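The values are calculated or read from the model by the stated rules, or taken from the named source; none is laboratory data. Quick caveat: nothing in here was measured; it's all calculated off a predicted structure. In this analysis, Cβ positions are derived from the backbone assuming ideal geometry, glycine residues included, and neighbour counts consider all displayed protein chains.
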2 protein chains.
Amino acid sequence: MSDKIKILIADDEPDILEFLQYNLEREGYEIILAENGREAITKAKAHHPQMILLDIMMPELDGIETCRELRNIPEFKNTLIAFLTARNEDYSQIAGFDVGADDYITKPIKPRVLISRMKALMRRFGSEVQEENVSLGSIEIDREKYLVYKDGEKLSLPKKEFELLSLLASKPGKVFSRKEIMSKIWGNDIIVGDRTIDVHIRKLREKIGDDQFKTIKGIGYKFDV
Amino acid sequence: MSDKIKILIADDEPDILEFLQYNLEREGYEIILAENGREAITKAKAHHPQMILLDIMMPELDGIETCRELRNIPEFKNTLIAFLTARNEDYSQIAGFDVGADDYITKPIKPRVLISRMKALMRRFGSEVQEENVSLGSIEIDREKYLVYKDGEKLSLPKKEFELLSLLASKPGKVFSRKEIMSKIWGNDIIVGDRTIDVHIRKLREKIGDDQFKTIKGIGYKFDV
DNA sequence: GCCAATGTTAAAGATACGTTAAAATGGACA
DNA sequence: TGTCCATTTTAACGTATCTTTAACATTGGC
């Protein structure tokens, strides 16, 4: 699974976006850009960033409001959110924290300072991502414990099988294309043969149950009860 | 034990100390004061504050060094540490984060901003409350005394082994990835080889019991009964 | 019935982990 | 300061397990 940390940056000044993108990508982060608050929310939903940097002053939806809305979406309740703000804007600072921000960063932004602060935030909070557990029919998946229960019976699957099951079960009934499975589990850089997926599916069918895994020929697989 | 949140403040200017003490006590915090870094470390050990504010420029031991020393004491590995710094001291900012600080606060300090920031930090921190003692099955861990009891028999483990056990036992059943273990026990700056963790696990298996420590290949380890 | 896509199987390949001993580090103490 | 000892880390190697491949069988849509 691709493990680059994704950061969403929202600012209405293209110069700043470009500047941050350049500096952060060089550090190995994956950057997603947005030009206003509305776009930031849309892109956050699409890309699931671990961290979000918001300019306070933006058209469409300002940073404060954007943050408030994001915090109301369960997925982003624990995402790191930091504000970009001009010096001396103390009002923003207070309002920002009250709305659930984790930090604010004053402009002009110095890349080294920014990166240090981000690392400090992530060091402390980053690993606290708690993944949800899935329960469908007789199958239960405990992501934290890396365990699968089938009719209460404890199964411990190898990594790839677990990830595959975990992926398919994250949206029961949804058909995952082979492409999608590949990119989500192996990442976009690693290329594996087509038979590889089949083999893992086979193992899962053996262990979990034949009928739960349905093949949609020419498309992909789905998990269902 | 008093349930007030304790904050240790170290600064060599009595005015600032008094100012902060007044404002923070009014908010219901318990304040411990220190006039230099050396005193800060002594008092931290005595009072176990949840949060520490350090001035950068102090006699005896400056803030940066104090922070570094504190971070080397296991008890304070996860304590919130923030620096008090004059505006534009960017050097301090960087050095501060690299040394493991969680935030820096620029002087002149505005009480409302300070309190907001502290709350932002603690909001995150709150969920991370680690209990003093853990007891699972035949194992008992006394974090304060750095002791482990196995079937009532006292074991005194070396530091790293203790920390590793303590971490794994903090969430029994949860799989801790190697990455997670590394960052929680060694920090993000120190890099140790992969085999290092194995060796410590081995020692623990020897001393505590083979079956309690389970390997999840490709992921990490978990502790269970 | 044809053909491309998928299923099956076993074996090769890769990788992570276990184990051990030895080297490096660091603290206590003379 | 140097010596000693406990602790920590490294490095080398073996091994079990997981992952992928490849060859061949089977299936299902057209």
Answer yes if at least one residue in the range B:209-216 is within 14 Å of chain A (Cβ to nearest Cβ), more than 16 Å from DNA strand C (Cβ to nearest atom) and crowded, with 18+ Cβ neighbours inside 10 Å, and no otherwise.
no
Go through (1) surrounded by fewer than 20 Cβ atoms within 10 Å (Cβ to Cβ); (2) under 24 Å from A:Lys160 (Cα atoms); (3) more than 9 Å from DNA strand C (Cβ to nearest atom) one by one and return the number of the condition B:Phe176 breaks.
(1)
Suppose we filter the range B:65-109 for residues that are at pLDDT 80 or above and not polar (S, T, N, Q); how many remain?
10
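Conditions (1) within 27 Å of B:Leu70 (Cβ to Cβ); (2) in contact (Cβ under 8 Å) with a residue 40 or more places away in the chain; (3) not β-branched (Val, Ile, Thr), marked per residue:
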position	(1), (2), (3)
B:Glu163	yes, yes, yes
B:Phe176	yes, yes, yes
B:Ile181	yes, yes, no
B:Ile191	yes, no, no
B:Glu206	no, no, yes
Look through A:Lys119, A:Lys171 and report the one residue that is surrounded by fewer than 14 Cβ atoms within 10 Å (Cβ to Cβ), within 20 Å of the chain's Cα centre (by Cα) and more than 16 Å from DNA strand D (Cβ to nearest atom).
A:Lys171
Hey, B:Lys203 hits all of (1) within 14 Å of another protein chain (Cβ to nearest Cβ); (2) near DNA strand D (Cβ under 8 Å from one of its atoms); (3) of a type outside the set (S, T, N, Q) but one; which does it fall short on?
(1)
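Out of curiosity, is A:Gly187 farther than 29 Å from B:Ile181 by Cα, assigned to a loop (DSSP other than H, G, I, E, B) and more than 11 Å from DNA strand C (Cβ to nearest atom)?
Against the criterion (farther than 29 Å from B:Ile181 by Cα, assigned to a loop (DSSP other than H, G, I, E, B) and more than 11 Å from DNA strand C (Cβ to nearest atom)), A:Gly187 does not qualify.
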Output for Cβ contacts, cut-off 7 Å, separation at least six or different chains, first residue more than 13 Å from B:Ile5 (Cα to Cα) in the range B:44-56, second hydrophobic (A, V, I, L, M, F, W, C) and in a helix (DSSP H, G or I), reads B:Ala44/B:Leu70; B:Ala44/B:Phe76; B:Leu54/B:Ala40; B:Leu54/B:Cys67; B:Ile56/B:Ile64
Scan of the range A:128-180 for residues that are assigned to a helix (DSSP H, G or I) and aromatic (Phe, Trp, Tyr), ordered by number
A:Phe162
Considering only the range A:4-37, state which residues are in contact (Cβ under 8 Å) with a residue 24 or more places away in the chain, of a type outside the set (A, V, I, L, M) and either under 24 Å from A:Glu69 (Cβ atoms) or not in a helix (DSSP H, G or I) (or both).
A:Lys4, A:Lys6, A:Asp11, A:Asp12, A:Glu13, A:Glu27, A:Gly28, A:Tyr29, A:Glu30, A:Glu35, A:Asn36, A:Gly37
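Conditions tested, residue by residue: (1) charged (D, E, K, R); (2) more than 14 Å from chain A (Cβ to nearest Cβ); (3) within 11 Å of DNA strand D (Cβ to nearest atom).
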{"residue": "B:Phe162", "(1), (2), (3)": "no, yes, yes"}
{"residue": "B:Lys184", "(1), (2), (3)": "yes, no, no"}
{"residue": "B:Gly187", "(1), (2), (3)": "no, no, yes"}
{"residue": "B:Val199", "(1), (2), (3)": "no, yes, yes"}
